[in-house]
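Down below is the structure, laid out as structure tokens.
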Amino acid sequence: MTAPSTVHASAVMAGEVGILIRGPSGAGKSHLAFDLILAGRSGRIPATVLVGDDRVLLSVADGRLAVRPAAELGGLLEIRGLGVRRLDFVPQADVRLVVDLAAGDFARLPEPASLMTPIDGIKIPRIPVGAGFDALRLVTAALLTRPI
């Protein structure tokens, strides 16, 4: 197991799929995490729960990338207009999807290479989301469809 590294990101677990949400400050990481939790509760996607918000810890074990909340932030999520709120969370998830918000390489028909990203030596499926584009729609599509 590698030593954990701290990254500025949010993470949720949709069913068995850990989703790491990255992007610059103000890009909507917390907003997307909460939208995914709501979509899971409504049955639009598999049940979804928070892993961590703002800062998460990444580590590699047994060929998998694990994400955990920073200890002091477990169960906390920022909701603009309400502030920091407490909700249920899981202590760890295996990252199986990365969402990059405000991605410079967003494209209508992305190149296959842009749909994978290496993190700590592990290649993980990736969704590049352009600034102002509906990230929830893309993540929902990725969870409910298969590539051809």
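The values are calculated or read from the model by the stated rules, or taken from the named source; none is laboratory data. All of these numbers come straight from a predicted model, not from anything done at the bench. We place every Cβ from the backbone using ideal geometry, glycine too, and count neighbours over all the protein chains shown.
Listing for the model above:
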| read-out | value |
| --- | --- |
| Hey, Ala47 of a type outside the set (Phe, Trp, Tyr) and surrounded by 18 or more Cβ atoms within 10 Å (Cβ to Cβ) or not | no |
| Which numbered condition Asp105 fails, given (1) closer than 18 Å to Val56 by Cα; (2) part of a loop (DSSP other than H, G, I, E, B); (3) of a type outside the set (Gly, Ala, Ser) | (1) |
| Residues of region 79-100 classified as in contact with a strand residue (DSSP E or B) (Cβ under 7 Å, 6 or more places away or on another chain) and either free of Cβ contacts under 8 Å to residues at least 60 places away in the same chain or more than 26 Å from Ala61 (Cα to Cα) (or both), total | 9 |
| Condition check for Leu77: under 20 Å from Asp53 (Cβ atoms), within 12 Å of the chain's Cα centre (by Cα), outside any loop (DSSP other than H, G, I, E, B) and not acidic (Asp, Glu) | no |
| Extreme residue, farthest from Val60 (Cα to Cα), among residues of region 108-148 that are touching a Ser or Thr at 6+ places or on another chain (Cβ under 7 Å) and surrounded by 14 or more Cβ atoms within 10 Å (Cβ to Cβ) | Pro128 |
| Condition broken by Ser42, with the remaining ones in (1) free of Cβ contacts under 8 Å to residues at least 24 places away in the same chain; (2) touching a strand residue (DSSP E or B) at 6+ places or on another chain (Cβ under 9 Å) satisfied | (2) |
| Selection count, region 125-148, where residues are within 18 Å of the chain's Cα centre (by Cα) and under 21 Å from Ala47 (Cα atoms) | 15 |
| Checklist (1) at pLDDT 95 or above; (2) within 17 Å of Gly130 (Cα to Cα); (3) among the acidic types (Asp, Glu) applied to Asp53, failing item | (2) |
| Failed item, numbered, when Ser42 is tested on (1) over 14 Å from the mean Cα position of the chain (by Cα); (2) of a type in the set (S, T, N, Q); (3) over 21 Å from Leu136 (Cα atoms) | (3) |
| Count of residues meeting criterion [within 15 Å of Val56 (Cβ to Cβ) and within 10 Å of the chain's Cα centre (by Cα)] in region 1-22 | 10 |
| Residue tally, condition farther than 26 Å from Ala141 by Cα and not β-branched (Val, Ile, Thr), over region 70-90 | 12 |
